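The values are calculated or read from the model by the stated rules, or taken from the named source; none is laboratory data. As the structure is a prediction and not an experimental result, all values here were calculated from the model. Cβ sites come from the backbone with ideal geometry, for glycine too, and all protein chains shown count toward neighbours. When the accessible area is computed, the model is the full protein with side chains, heavy atoms only, and any ligands, DNA or RNA have been set aside. Shrake-Rupley method; radii C 1.70, N 1.55, O 1.52, S 1.80 Å.
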Amino acid sequence: MIVLGINAYHADSSAAIFKNGILLAASEEERFRRIKHWAGFPSKAIEFCLQEAGISINEVDHIAIGRDPKAKFNKKLLFFISRPIESFVHTIERMMNQQKVSSLEQEFKTHFGIDANLLKNKIHAVEHHRSHLASAFFASPFDNAAIISIDGSGDFSTTMLAIGKGNNIEVIESIDFPHSLGIFYTAFTQLLGFPHYGDEYKVMGLAPYGEPKYVDKLKDVVLLQNDGLFKLNLKYFRSPGKGFVAYNNNNIPAIPIAYSKEAEAIFGTARKKEEPLTQYHKDLAASVQRMAELSIFHLLNYLHKKTRIDNVCIAGGVAQNSVANGKILANTPFKHIYIPSAGHDAGIAMGAAQYIYHHELKQERVPAIFSAYTGSRFTNDYIEEMLQHKNISYKKLDDDVLFDYVADRLINAGVVGWFNGRAEFGPRALGARSILADPSRQDAKELINSKIKRRESFRPFAPSILKEYVNEYFDCTDIAPFMEKVYPIKKEKRNTIPAVTHADGSGRLQTVDALISPRYYALIDAFRKKSGIPILLNTSFNENEPIVNTPEEALDCYLRTSMDMLVMENIIVER
Ligand SMILES: [Fe+2]
């Protein structure tokens, strides 16, 4: 049975395809369109999925879309009717967006030439948060688990708590828009001078430079309730009736100002983008991060009390808060945790398909997913032909010498573009489309920023570490295959790997498993044999664009930056 899942008309649109429950391919549409967070109909990602499965659209048994405009319809209606003036335009926009969903058959007809009538009974709408829940639980190794989804908002919910048992998900509780931890974090991200969709990670990166001095003030913004849930104090937020995310005609998500005048009166005038970051901003960032953590622990403690299950699965945009994720085991009774590689909205494509296959069609569970490598792939032959065509000189090395050769370049202050195997699904580069450097160099951060990224100096770079050495370097007993958790680096090791040690001594690690990433593992191991350090600095292979997807894009990025070496499979291009 083939199930195609899609996230469409929503940020980070994407597609995923399963055969008898096994994931064959998944990708964000932005990787093909080359526009970050692209939010339209994911025709190119669907085309890619069909190609990987070796089938045409006619052979797909079910199509699951991770949104259901009918969900919480009455609550939605009441909410917007009670705010007639401010929400009128938004309501119209929403209705038009719903229209888009109802013409999904038409969209498939336009892009894939299939008779729309043939699709009518194949298309299933799965509510947004149920899709998030399914993406975490059905990919996890757990038979039983507590599940939570937390984000900005989707289908009028912002938080959903559930129990997963076998192939069933039972929702226990949900919180309605506009009471949203995602909206809280976004409003303060804007107040701190980061206005773009997806900028929240900058606040998380800034937080370790400050002290959480304003948590008490923020407890009047996020009101943690005795019943285990939370509310927002809406006086700090502007026009909740206008909705949260807006999409322009180019399908690029944007967020209207979410904080109110009242918020500026209490927390200071919003920083303009070009204004300097003061200690106050850093302390406020630390406080916002701390408040988000307290709120997440509050929800999780309640979820554990309700379920009495020690396994927890987490998804939703707020699940991208890797700093909070690293603290969950220490601050809640949960003992085991699973977070998918695409915990954000792109993961909706996977989750919607899994929800239909397991929960609706009652199909048996399949092995857990610990690999994010479900995207595009290219052969050495393809890469050679492309380089020859462009008149670029290169050398080809077999694996038995390649890893040593690349490790030598890394040790000699080289910044290396590493394009290897199938692209990652999710926001993190995990050694398939990565830029790598020596983590022991004091100047590695400056090196990468000057040669390639030119990003804010306060943002940290992340370490990929061989799984067997985690306990030597980190205060962590867990695995983090998707860079989904931050843990403290052991005090005595911080000077050994300064380039991946953040201001507070932490690191957002990726634990690299030889069985899951054999070639990336072999490269780090070659570097270890030469340097004594089982770690590489790993940042995404891009420069102010979506992560590179094809060898052509990798080459373009290499040529327009000052990267020292480009490795694509067994092919090496260097300056
Ligand atoms: Fe979401």
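Taking 7 Å along the Cα-to-C-beta vector as the label spot, tell me the residue 310-residue 19 distance in nanometres, rounded to one decimal.
Simple spin-label model gives 3.9 nm for this pair.
Counting pairs of alpha carbon atoms under 8 Å apart in space and at least six apart in sequence, what relative contact order in percent does the chain give?
Once divided by the residue count of the chain, the mean separation gives 16 percent.
Ranked highest first by average number of other Cβ atoms within 10 Å, how do 473-485, 181-193, 221-233 line up?
Details: 473-485: 20.7, 181-193: 24.2, 221-233: 15.8.
Per-residue Cβ counts within 10 Å, averaged per peptide and sorted highest first, yield 181-193, 473-485, 221-233.
Normalised by the number of residues in segment 463-568, what is the relative contact order in percent for Cα pairs under 8 Å and 6+ residues apart?
27 percent
Could you tell me which trypsin sites (Lys or Arg not before Pro) in segment 294-360 are loop residues by DSSP with no more than 12 other beta carbons within 10 angstrom of their beta carbon?
308, 335
Using DSSP to define loop residues, name the trypsin sites (Lys or Arg not before Pro) in segment 487-547 whose beta-carbon has at most 15 other beta-carbon atoms within 10 Å.
Taking segment 487-547 and a limit of 15 other Cβ atoms within 10 Å, the loop trypsin sites (Lys or Arg not before Pro) found are 490.
In square angstrom, what is the accessible area per residue of segment 484-575 with a 1.4 angstrom probe?
So segment 484-575 comes to 33 Å² accessible per residue, rounded to a whole number.
Report the one residue of 429, 461, 413 whose Cα lies farthest in the direction of the positive end of the charge dipole of segment 380-465 (charges on C-beta: Lys and Arg +1, Asp and Glu -1; origin at the Cα centre).
The Cα lying farthest towards the positive end belongs to 461.
Run the reach check for residue 362 against aspartates and glutamates, Cα to Cα strictly under 17 Å, same-chain hits fewer than 8 apart removed. What comes back?
61, 143, 170
Treating only the Cα positions of the chain as identical point scatterers, give the base-10 log of I(q)/I(0) from the Debye formula at each q in 0.09 Å⁻¹.
Per q value, in the given order, log10 I(q)/I(0) is -0.67.
State the antiparallel share, in %, of DSSP beta bridges confined to the chain, rounding to the nearest 5.
Just about 75 percent of them are antiparallel.
What whole number of Å gives the distance from the Cα centroid of segment 457-529 to the Cα centroid of segment 532-574?
20 Å
Using a ≥ b ≥ c from the Cα gyration tensor of segment 319-457 (square roots of the eigenvalues), is it rounded, prolate or oblate, where a/c under 1.5 gives rounded and otherwise the larger of a/b and b/c decides, a/b for prolate?
Values: a/c = 2.48, a/b = 1.46, b/c = 1.70.
Note, shape of segment 319-457 comes out oblate.
Length gain on complete extension for the stretch residue 248 to residue 456, per 0.36 nm per residue less the alpha carbon to alpha carbon distance?
Full extension of this stretch gives 72.2 nm more.
For segment 178-189, just list the computed ³J(HN,Hα) in residue order, Karplus coefficients 6.51, -1.76 and 1.60, θ = phi - 60°, integers in Hz, with x standing in for Gly and Pro.
The phi angles translate into x, 7, 8, 5, x, 5, 4, 5, 5, 4, 6, 5 Hz.
Ranked highest first by the average count of other Cβ atoms within 10 Å around their residues, in what order do 439-445, 423-429, 313-319, 28-34 fall?
313-319, 423-429, 28-34, 439-445
What ranking, highest mean first, results for peptides 287-298, 4-15 when packing means the other Cβ atoms within 10 Å averaged over each residue?
Descending mean neighbour count gives 4-15, 287-298.
Using +1 at the Cβ of each Lys and Arg and -1 at the Cβ of each Asp and Glu in the chain, identify which of 221, 383, 258 lies farthest towards the dipole's positive end.
So the residue we want is 221.
Take the alpha carbon gyration tensor of segment 1-81, find the square roots of its eigenvalues, order them as a ≥ b ≥ c, and report rounded if a/c is under 1.5; if not, report prolate when a/b exceeds b/c, else oblate.
Values: a/c = 3.18, a/b = 1.58, b/c = 2.01.
It is oblate, given that a/c is not under 1.5 and a/b is not larger than b/c.
Sequence neighbours fewer than 8 away in the same chain don't count; with that in mind, list the aspartates and glutamates whose C-alpha is under 12 Å from residue 306.
By straight Cα distance, residue 306 reaches 173, 227.
Taking only DSSP H segments of four or more residues, each worth -39500 (n - 2.57), what value at 222 nm results for the chain once the sum is divided by all its residues, to the nearest 500 deg cm²/dmol?
-9500 deg cm²/dmol
Rounded to the nearest 0.05, what FRET efficiency is calculated for residue 504 and residue 117 with R0 set to 60 Å and r the Cβ-Cβ distance?
0.55
If Lys and Arg each add +1 and Asp and Glu each add -1, what is the summed charge of the other residues whose beta carbon sits under 9 Å from the beta carbon of residue 67?
The answer is -3.
Taking N as the number of residues in segment 151-257, what is its alpha-carbon radius of gyration divided by 2.2 N^0.38 Å?
1.20
Over 18 Å, how big is the tail of the calculated P(r) for segment 223-290, in percent of all Cα pairs?
58 percent
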